[in-house]
Amino acid sequence: MAKRRDTAVIIAGGGPAGLMLANELGRRNIATLLLCDRPSTTSFPAANATQARSMEHYRRLGFADAVRAVGMPPDYPTDVAYFTRIAKHELARFQLPAAGQARDLVKTLSGSWSAAELPHRGSQLYVERVLRAEAEKLPSVTLRFGWRVERFADDGDGVTVDATCLADNKTQRFTADYLVGSDGARSTIRKQLGYSFRGEAGVVRDYMGGRMLSIWFRAPDLYKSIPFPRAWQYWAVNRTQRGLLVAIDGREEFVFMFQLPAGIDEAAITAAWACQALDQSLGVHCPLTMIGRLPWTAGLALVAEKFQRGRVFLAGDAVHLFTPTGGLGYNTAIEDAVNLGWKLAAVLQGWGGAHLLDSYERERQPVAERNTGYSRYYANSIGNFTPAPEIEGEGATGEAARREAGIYLNRHAREEFNIPGITFGARYDGSPIIVGDGSAPPPDRANEYVPSAVPGGRAPHTWLAGGRSLYDTLGFEFTLLRLGPDAPDTRAFVSAAAARDMPLTVVERPELELRDLYAASLALIRPDQIVAWRGERVPEDVDKLLAQVTGA
Ligand SMILES: Cc1cc2nc3c(=O)[nH]c(=O)nc-3n(C[C@H](O)[C@H](O)[C@H](O)COP(=O)(O)OP(=O)(O)OC[C@H]3O[C@@H](n4cnc5c(N)ncnc54)[C@H](O)[C@@H]3O)c2cc1C
């Protein structure tokens, strides 16, 4: 007889990975206890970019519009612009749409941007609040902030977790079927598992390579000092004080990120010192009210050697650390949670097979390697760019130096901030729960995404007549797409799935274009919108196929 446990899944850590996982599990009515040592969601605006794929997952869960509504005003452009000093010379600019345009604009795009959602440039500060509010609506989810996980034990049959309530310092033991450590870079759970990071750390660059300090401040008059159109990111590129200024609310709040000189202890940096660095990047004095500061390290591209053992899993920064160029750390964390969420639920509900959970590391570790590689490329591209000594000079020499820098930075901006290939193109080729058909996957390129139903990648998206997203028609768990006017009878699929208690929604799309888009009349889509299998006809042994995709 199964032992009685306090809950099915314990999540250690309530950042983006933990909160997203709580949403995935809670939407499936899985009893979930999230323990987080912070009093609430993050109190500092770290990540600022939600990639389009994360937005598609928020849409699947029903709260993309709530995320899109946070951050800057709906008409605030999300341009990325480069300057010598932010109030002096503009060097380059990549114009990007405001949040209020996203919903209509995405319906007009095709090719690389065939998507249900565009990216959103809103701070993690606000996005985590939405993730928390959504998780709190789910009856099977309990969120306990102010609780620190101390240690765990996995006896093969279940896990016990000791956690301390920080309000009274009392430690309590909880039992569960599974534990997920989404407890950030210094993960207690990863350390107890004994897993270390592999990859690159301590890389030194002119910028984005070394100890960094972010200051968060209020400066209602700052926009008046910048004689250029508004932007979301303002990069100062000069030879003495580089920096990145990010608009947080589009009215008065900003974050400024700068690199500390080698050998300086960030604790010794006074507010006045930080303000001076800001003034130098701006080229004018900025009166401000400090809200907070966050020291962090750039120059990392690290992935843990293992993502799971027994009943314990790791997700997010606990298993991968990025330099934030490319904006991939939090977004990779979100996709970890998406991948793990449906699998844990399937196993707990009985239709997930004995090997389903093993596929988590097989699928996510290569993506973490890939994504940290892309962020390292962008960090090198911007951080090692040294402008000519004349960049701030007067006359023709100065102008020529600025023109030259502008050419480089315009190209760099389009490489780093137009990344449909990274966001949509991650693939799970070679995963034991993907049934390949021998076709070659599309090339992995950062700035180009080729919609493709080769099993292992994101299901190609399209807008249906009437303006409905194909994704909005999919079931919440597995979906069998019957595509084109001549799709075969799929009753054998339905009965085989029913025999396995596997939730399967059949969606009929008679449009020939959809059949062409998928290059097949049938496509089996996983709960995370990944193509698990495609074919022209129902396989003879359909049960074998379903066994494989559910990890039996
Ligand atoms: C300056 C900066 C800018 C960034 N910009 C971007 C960007 O634009 N785009 C992007 O994608 N990423 C960006 N990132 C990275 C992003 O912030 C992280 O990747 C993201 O927060 C990871 O989420 P997580 O849930 O895995 O971990 P975290 O956000 O670190 O959350 C972990 C949680 O676990 C809690 N915790 C830790 N130990 C315990 C314990 N023992 N018990 C209970 N709880 C515990 C922590 O308090 C925390 O709440 C940026 C980071 C920085 C520093």
The range 415-427 residues that are at pLDDT 95 or above, paired with ones that are of a type in the set (Ser, Thr, Tyr) and not in a helix (DSSP H, G or I) (beta carbon under 8 Å, 6 or more apart):
Glu416/Thr325; Pro420/Tyr449; Gly421/Tyr449; Thr423/Tyr449; Phe424/Tyr449; Gly425/Tyr449
Sole miss for His320 among (1) at pLDDT 95 or above; (2) within 9 Å of the ligand (Cβ to nearest atom); (3) closer than 15 Å to Ser214 by Cα is condition (3)
Residue under question is Trp273, and the condition is that it be assigned to a helix (DSSP H, G or I) and surrounded by fewer than 20 Cβ atoms within 10 Å (Cβ to Cβ); does it hold?
yes
Odd one out for Thr84 among (1) away from the ligand (no atom under 11 Å from the Cβ); (2) out of contact with any strand residue (DSSP E or B) (no Cβ under 7 Å at 6 or more places or on another chain)
(2)
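Hey, can you tell me all the residues within the range 159-183 that are over 18 Å from Gly341 (Cα atoms) and touching a residue at least 40 places away in the same chain (Cβ under 8 Å)? Even if it seems obvious, please write down each step before you answer.
Looking only at the range 159-183, we keep the residues that are over 18 Å from Gly341 (Cα atoms), and these are 160-175.
Correct list: Val161, Ala163, Leu166, Phe174, Thr175.
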Can Gly341 be described as away from the ligand (no atom under 13 Å from the Cβ), buried (at least 24 other Cβ atoms within 10 Å of the Cβ) and either among the hydrophobic types (A, V, I, L, M, F, W, C) or closer than 20 Å to Ala22 by Cβ (or both)?
yes
Any chance you could count how many residues in the range 290-311 are assigned to a strand (DSSP E or B) and either basic (Lys, Arg) or over 18 Å from Phe44 (Cβ atoms) (or both)?
7
Name the single residue, out of those in the range 276-296 being in contact with a strand residue (DSSP E or B) (Cβ under 7 Å, 6 or more places away or on another chain) and loosely packed, with under 15 Cβ neighbours inside 10 Å, that is nearest to Gly243 (Cα to Cα).
Pro295
Scanning the range 210-229 for residues that are surrounded by 22 or more Cβ atoms within 10 Å (Cβ to Cβ) and not in a strand (DSSP E or B) gives Leu222
Would a scan of the range 278-289 turn up a residue that is at pLDDT 95 or above, assigned to a strand (DSSP E or B), closer than 19 Å to Arg218 by Cα and away from the ligand (no atom under 14 Å from the Cβ)?
yes
Looking at Leu302, is it closer than 14 Å to Ser214 by Cβ, within 13 Å of the ligand (Cβ to nearest atom) and surrounded by 14 or more Cβ atoms within 10 Å (Cβ to Cβ)?
no
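Of the residues that make up the range 343-350, is at least one of a type in the set (Val, Ile, Thr) and touching a helix residue (DSSP H, G or I) at 6+ places or on another chain (Cβ under 8 Å)? Explain how you work it out, then say what you get.
If we filter the range 343-350 for residues that are of a type in the set (Val, Ile, Thr), which is where we start, we get 347.
This time we only want the ones that are touching a helix residue (DSSP H, G or I) at 6+ places or on another chain (Cβ under 8 Å), so: none.
No, the conditions are met nowhere in the range 343-350.
Restricting the search to the range 1-59, which residues are among the acidic types (Asp, Glu), away from the ligand (no atom under 12 Å from the Cβ) and over 18 Å from the mean Cα position of the chain (by Cα)? First the steps, then the outcome.
Keep residues of the range 1-59 that are among the acidic types (Asp, Glu), which gives 6, 24, 37, 56.
Retained after the next criterion (residues that are away from the ligand (no atom under 12 Å from the Cβ)): 6, 24, 56.
Result: Asp6, single match.
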Checked the range 305-317 for anything near the ligand (Cβ under 6 Å from one of its atoms) and either charged (D, E, K, R) or in contact with a strand residue (DSSP E or B) (Cβ under 7 Å, 6 or more places away or on another chain) (or both); matches are Asp317
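The values are calculated or read from the model by the stated rules, or taken from the named source; none is laboratory data. Because the structure is a prediction, the values reported are computed rather than measured. Every residue, glycine among them, receives a Cβ derived from its backbone with ideal geometry; neighbour counts consider all protein chains shown.
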